[in-house]
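These notes are about the structure you will find just below.
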Amino acid sequence: MSNYEVRPAEMRDARAIAEVHAASAAVAYADVLPEDQLRALAPATREAKWRDAIEFSEPQVQVAVLDDKIVGFVGFDRSRDPKTPSTTGEIWSLYVLPEHWDKGVGVALWDAAREGLDEEGCTNVTMWIPLRNERALRFAELAGFKRDMKTAKTTSIGTARIEEVRLKRTVA
């Protein structure tokens, strides 16, 4: 049984979500993005994005809480990929503070997203992950996602270019 409570994000959570996003990205992408791009993910640059997401539910955001502290979050909604059926959902983002990695937070957040996508009528779910983010790929594959290598693409983050692949599985 997990000690983490997962609940819908509230407006007052936006700063903490931005802090989790920045702290997790700094470690997860240390070997993927240049230092200046990692600094660009600072909480001050992300808080407004998460405020908008929470206010407009685009994406829907759930947070993992331990002892009144937000330690992770997941953003999910319909797939943003062109030409996908309306029954395809997407994990837009899933981040956990590094000190809480491998403790069940990601699984708790994935379970919450899966329930939310199921309630929205989604039957399949995708997520895009950088090929060099071995930890995220391993997590997704352990959660039952399969790589769709024909979807590999190059994405620009600032001046950095990263290779990403889409992973897919059924919601149920």
Do the sum for the chain: with -39,500 (n - 2.57) for every DSSP H run of n ≥ 4, divided by all residues, what is the mean residue ellipticity at 222 nm, to the nearest 500 deg cm²/dmol? -10500 deg cm²/dmol
Looking at the chain, do any whole DSSP H helices span at least 15 angstrom along their long axis by alpha carbon and average 1.6 or above on Kyte-Doolittle, and which? none
Kindly flag which residue pairs out of Lys49/Lys168; Lys49/Lys83; Lys49/Lys69; Lys83/Lys168 have an alpha-carbon separation exceeding 18 Å in this structure. Lys49/Lys168; Lys49/Lys83; Lys49/Lys69
Treat every Asp and Glu Cβ in segment 5-126 as -1 and every Lys and Arg Cβ as +1, leave all other atoms uncharged, and give the resulting dipole magnitude about the Cα centre to the nearest 20 debye. 220 debye
Sequence order, segment 58-74: Karplus ³J(HN,Hα) from phi using 6.51 cos²θ - 1.76 cosθ + 1.60, θ = phi - 60°, Hz rounded, Gly and Pro as x, gives 9, x, 5, 10, 10, 10, 9, 10, 9, 6, 6, 10, 6, 10, x, 7, 9
Given axes a ≥ b ≥ c from the Cα gyration tensor, I'd like to know whether segment 19-84 is rounded (a/c under 1.5), prolate (a/b larger than b/c) or oblate. oblate
Classify segment 77-166 from the C-alpha gyration tensor, please: rounded if a/c falls under 1.5, else prolate or oblate depending on whether a/b exceeds b/c. oblate
Just tell me the longest site-free run in the chain, where the sites are trypsin sites (Lys or Arg not before Pro) in a DSSP loop having at most 15 other beta-carbon atoms within 10 Å. 1-79
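Every number in this text was worked out from the coordinates using simple rules, so none of it is lab data. All of these numbers come straight from a predicted model, not from anything done at the bench. When we count neighbours, we look across all protein chains shown, and the Cβ atoms used for this are built from the backbone with ideal geometry, even at glycine.
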